[in-house]
């Protein structure tokens, strides 16, 4: 694999502070030729699951060799490890707190490195800003061609989020909302793979029933509630040009049921 030249940034830092700027400064100081792509810094504060879902929604669309620097790190300074993951196509750098849960399941992992070699850290790391002092310099040196094994020791253990699994009965499947996006779409933990017959089903949420899966939002009238398989391959409830969250007064953890008809 050629030394990567692209680093993506996905964090919960927000857009009105200096945190993202400090991380980018470290990256560019070590490798001025880097291309940095800000995916988002608007992950909800401390929401590791949202960060993991966001990473899963975009990482595979980048060129081979891209480094995905992803930080939602409520355990910074504590017992959680810093980790570097190398797959056949990408590198992932960040805290080992579950942020890479989907990567372990969907990519062929070649190596996992616990970040312990302080030679590649920024001085003595702060206890509260490992994104700047550990993860950014590791990503930058990795982009210069430093081998993954130089950053620390191999590990076989990683932390995976305990994702709620849909519950199947003979004629139904019950899942739950795991994310609500900025459009008010309700994204569930039911992937398309769980739905064997997408034509003969109905979806129930609270006192609402949706009689079929739509293919896209405008297949239904404006303001109408609908269900479809979204771009991340999960079932979602939505309103054409509206907010399903507001219409249904929904929150994460609410149950969604699919019934065979």
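Couple of notes before you dig in:
- Nearest 10 degrees, 0 to 90: helix 48-58 Cα axis against the chain principal axis: 90 degrees
- Additional length obtainable on full extension of the chain from residue 154 to residue 40, 0.36 nm per residue less Cα span: 38.1 nm
- Using alpha-carbon coordinates, inclination of helix 19-30 to the longest axis of the chain, degrees: 40 degrees
- Approximate shape of the chain as ellipsoid semi-axes (Cα gyration tensor, √5λ), whole Å, largest first: 38, 18, 16
- By average C-beta atoms within 10 angstrom, highest first, the peptides 246-253, 200-207: 200-207, 246-253
- Ellipticity at 222 nm from helices only: DSSP H runs of n ≥ 4 in the chain, each -39500 (n - 2.57), divided by the residue count, give -4500 deg cm²/dmol.
- Note on region 135-261: semi-axes of the ellipsoid equivalent to its C-alpha gyration tensor, largest first and rounded to whole Å, are 37, 19, 13.
- The eigenvalues of the Cα gyration tensor, multiplied by 5 and square-rooted, give region 77-194 an equivalent ellipsoid with semi-axes of 34, 16, 13 Å from largest to smallest.
- Extension gain (nm, one decimal) between residue 206 and residue 165, 0.36 nm per residue minus Cα-Cα: 12.8 nm
- Here the convex hull built on the C-alpha positions of region 56-126 has a volume of 99 cubic angstrom per residue.
- Kirkwood Rh and Cα Rg combined as Rg/Rh, region 42-96: 0.98
- Comparing Cα centroids, region 191-235 and region 1-74 end up 32 angstrom apart.
- Structure remark: mean-square fluctuation, Gaussian network model of the chain, C-alpha springs under 10 Å; the largest value among 93, 138, 26 belongs to 26.
- Within region 1-78, the ratio Rg/Rh, alpha carbon atoms throughout and Rh by Kirkwood, equals 0.97.
- Cβ-derived FRET efficiency at R0 45 Å, residue 183 paired with residue 126, nearest 0.05: 0.80
- Put simply, the convex hull of the Cα atoms in region 6-154 casts, on average, a shadow of 7.7 nm².
Here, each number is a calculation from the coordinates, and none is a lab measurement. Because the structure is predicted, anything quoted here is derived from the model rather than measured. Neighbour counts are summed over all protein chains in view; Cβ atoms, including those assigned to glycine, are modelled from backbone coordinates with ideal geometry.
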